[in-house]
Amino acid sequence: MAGAIIENMSTKKLCIVGGILLVFQVIAFLVGGLIAPGPTAAVSYLSVKCVDVRKNHHKTKWFMPWGDNRCDKIRDIEEAIPREIEANDIVFSVHIPLPAMEMSPWFQFMLLILQLDIAFKLNNQIRENAEVSMDVALAYRDDSSAEWTEMAHERVPRKLKCTFTSPKTPEHEGRYYECDVLPFMEIGSVAHKFYLLNIRLPVNEKKKINVGIGEIKDIRLVGIHQNGGFTKVWFAMKTFLTPSIFIIMVWYWRRITMMSRPPVLLEKVIFALGISMTFINIPVEWFSIGFDWTWMLLFGDIRQGVFYAMLLSFWIIFCGEHMMDQHERNHIAGYWKQVGPIAVGSFCLFIFDMCERGVQLMNPFYSIWTTDVGTELAMAFIIVAGICLCLYFLFLCFMVFQVFRNINGKQSSLPAMSKVRRLHYEGLIFRFKFLMLITLACAAMTVIFFIVSQVTEGHWKWGDVTVQVNSAFFTGIYGMWNLYVFALMFLYAPSHKNYGDDQSNGDLGVHSGEELQLTTTITHVDGPTEIYKLTRKEAQE
């Protein structure tokens, strides 16, 4: 009676395999915590107020905040009044990066957050539901002496959410409102060395454009990008893990096809999980160093979505295949109630991502959260996905409970067996339960490290050693799921050993009545593991 490797491998060898996997898991965390820098870096930029005195503002002209071709600028808005400079003549200019620095493709993406400094004035207060409308132009160049090339030019509306904590009296004029930060821009690649933003706040009282938004003193931006050092460590991990998972996947499927029976559903799902892990591992990001592929963020989200959808489906099918009867087992259609919420939730998140990052491929200043309709639509997708996730976990918890109850019920027949055979099946059941607990631990580790990374400062310092917690979270969890999939394909591959083939019934002390019991209970149906056969229920029950 052949089973999986996990059932035929000796406890000593199984412990050695587990120890090796644990060592690799520790290494994955240490690589991120001790070698890699923080995953992202944030840089603050203060805009320079340039003056555009041309009569026709529609003609493209780029205003540099500093350098040889720096613009004619003013220090503050009060300086514009005696010089008779109108609001439409002021251009807020931001150069990215700061002077004497360069951007790099290793930064992978660039996210900009907007912060407006708005002063309180009795005759120019922020009205309810105020909206600021910005005319934003983005340009790039790769040489400090080259001309700027336009990358995007859009009208960017943003709703203001500001509060004034002091009494609105004349003596408090000039104090700043407390305003929420606003999403401003996101690009999925950093293919150029220098970027320039020119922001205008055009005023049109007839059309009520930029009226009732207070007195904007300054525009501040916070630029967030991936650290180049972390990118190199991340690429190295993906390059190392890709062939590892691919080789074990090919080896696993070769073992499956060598069997006399066709593959069962559980074996197909494990193989599909290996394919999805390989899909997320393939280091296509290397090409982003030489090509301006702005869709890499969206593609990365899709790859993660495919893997996690496959992982959640695997857990459901893995439990289900160990509790369903003969007629329901080995048919994917039997899991439509459990897999359905996964499909619906994944589809909702995919649509949400397409509405956000998909549109940003054409307009980097777009955000679905900037309009009431967009916010309601986004929240609807997220709520539906959350409901589907809750339904999924309810189904999963119920199925895990059923599996353990089913196994405990089968254990009642073990005392009638001989000692050797009873110990064999007790070992199989223990290993199955242990794998279920490892699965639960992996899921819990993901949640715990995510929470820790959100509430900590990003690094821990022990003496002279600094541990980057966020980097350790990314590399450790990524390595953990790779090791989990690797272990599944290795341990659940068909074993070339047949338990008991080299031992007669007499050697095992098995009586004829016991052998009949084992035959009708275990060997009646083909399956990937002996636990799979042991836990099934007969159709006539």
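How large is Rg/Rh for the range 1-147, to two decimals, with Cα atoms and a Kirkwood Rh? Taking Rh as the inverse mean 1/r over Cα pairs, Rg/Rh reads 1.31.
Protection proxy ranking for 391-400, 163-172, using the average of other Cβ atoms within 10 Å per residue and placing the highest first: 391-400, 163-172.
Converting phi to 3J(HN,Hα) with the Karplus coefficients 6.51, -1.76 and 1.60 and the offset θ = phi - 60°, the range 380-387 yields 4, 4, 5, 5, 4, 4, x, 4 Hz in sequence order, with x at every glycine or proline. Under a 5 Å amide H cut-off, with hydrogens placed 1.01 Å from N, residue 218 pairs with 117 among residues at least 5 apart or on other chains.
When Rg and the Kirkwood Rh are both derived from Cα coordinates, the Rg/Rh ratio for the range 337-454 amounts to 1.23.
Using Stokes-Einstein with the Kirkwood hydrodynamic radius over Cα pairs, what translational diffusion coefficient do you get for the range 57-212 at 37 °C and a viscosity of 0.692 mPa s, in µm²/s rounded to a whole number?
Values: Rh = 17.6 Å.
This corresponds to a translational diffusion coefficient of 186 µm²/s.
Rg over Rh for the range 181-270 works out to 1.36, using Cα positions for both radii and the Kirkwood form for Rh. When you count the other C-beta atoms within 10 angstrom of each residue and take the mean per peptide, 140-150, 176-186, 82-92 line up highest first as 176-186, 82-92, 140-150. Can you give me the Cα centroid spacing of the range 281-308 and the range 107-136 in angstrom? Cα centroid to Cα centroid, the span is 32 Å. Pairs exceeding a 27 Å alpha-carbon distance, out of 73/168; 268/419; 161/208; 49/206; 193/232: 73/168; 268/419.
No value in this document is a laboratory result; all are computed from the given coordinates. If you're wondering where the values come from, they're calculated on a predicted model, not measured in any experiment. Ideal geometry is used to build each Cβ from the backbone, glycine not excepted, and the neighbour counts take in all protein chains shown.
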